[in-house]
Amino acid sequence: ADQLVAAGVQVSCGVRLRAIARRPGRLTVDVEGWPPLPVDLVVLATGVRARRIRGLDGMAGIHHLRTLDEAEILRDALAPGARLAIVGAGFVGLEVASSARALGLEVTVIEPATVPFERTLGPAVGSLLAERARRSGVDLRLGMPIRAAVRGGGGAVAAVELGDGTRLACDAVLVGVGARPNTELAAGLFDLAPDGGLPTDACGRTAADCVFACGDVASVAHPSLGRPVRLEHWSAAAATAQATAGAILGRAPGRSPVPFFWSDQFGWRIQAVGHVDPTLRVSAEDDGERFV
């Protein structure tokens, strides 16, 4: 906060922005407890929130992982010998499964897709990651939807019920089924992208004059792909923020950065560069301990 103030940025924490009104030639923001505030530009960097599943919410022992507070609460639940059920075999699910196994927990991962990362990395890579998780002691239930959580005598979760009626006893549940963009402030300003994000050009401009978006909430146009892409990795958030700031300052746009990400799980560091298309034919070379 001190660095922002020193840079000439006015920081107002603990206030809620309720709406953005657009009129010809001007914008007005409605901040709770403030008079209407006219502005020249608005940048929406509102991020995302963890998706919820009906029937897996509002019960003690059911966790979501998006904030530092949620991470600390989950950490306290990861006691050696405890039984952890994870719903979702994506980045959050398998990275937590890896850490939980290292801490000595019994871990079951439930995923409706046939392999982990099927929609993001494709079936070939997903099969390699599934085998790695199983060799690390994870009970991986693939092709299996979740039906509900079962409340125990003390009011906390005691089990999860799968789509086939199987009940798995557990001491804690982590729901890691993706994120939902926080787009409410853009309601009425323009239509959302097919992936639910705020559609922008490569420099963060939206369809509304003087309204920009960057970070996890932005669905950025990529002409080479023929579609917008919303990336939730912090490296992409930093890149879109830089592009948006440059556009506001009138700088010529630079080359679009090549996205990259990594994931540490079960002793592997998985690294990817570029836009991964899961529909492509994949050639994997592996020796059982590593793969390309």
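Kindly provide the set of residues from segment 34-54 that are loosely packed, with under 14 Cβ neighbours inside 10 Å and assigned to a loop (DSSP other than H, G, I, E, B), ordered by number.
Passing the criteria: Trp34, Pro35, Pro36, Asp40, Leu41, Arg54.
Here is a check on your reading of the model: is Val211 among the β-branched types (Val, Ile, Thr) and closer than 16 Å to Ala45 by Cβ?
Yes.
Looking at (1) more than 18 Å from the chain's Cα centre (by Cα); (2) at pLDDT 95 or above; (3) of a type in the set (Val, Ile, Thr); (4) open to solvent by less than 70 Å² (accessible area, probe 1.4 Å), can you tell me which one Val31 breaks?
(2)
Could you tell me which numbered condition Ala71 fails, if it satisfies all but one of (1) surrounded by fewer than 20 Cβ atoms within 10 Å (Cβ to Cβ); (2) at pLDDT 95 or above; (3) hydrophobic (A, V, I, L, M, F, W, C); (4) under 25 Å from Val276 (Cα atoms)?
For Ala71, the failing item is (4).
Could you list all residues from segment 270-282 that are within 21 Å of the chain's Cα centre (by Cα) and loosely packed, with under 15 Cβ neighbours inside 10 Å?
Gln271, Val273, Gly274, His275, Asp277
Which ones in segment 55-66 are at pLDDT 95 or above, part of a loop (DSSP other than H, G, I, E, B) and farther than 28 Å from Pro199 by Cβ?
Gly61
Tally up the residues in segment 233-260 that are modelled with pLDDT of 90 or more and touching a helix residue (DSSP H, G or I) at 6+ places or on another chain (Cβ under 7 Å), please.
3
The values are calculated or read from the model by the stated rules, or taken from the named source; none is laboratory data. Computed from a prediction, not measured in an experiment: that's the story for all the values here. Please note: Cβ atoms are built from the backbone with ideal geometry, for glycine as well, and neighbour counts cover all protein chains shown. Side chains included, ligands, DNA and RNA excluded: accessible areas come from the protein's heavy atoms. Shrake-Rupley method; radii C 1.70, N 1.55, O 1.52, S 1.80 Å.
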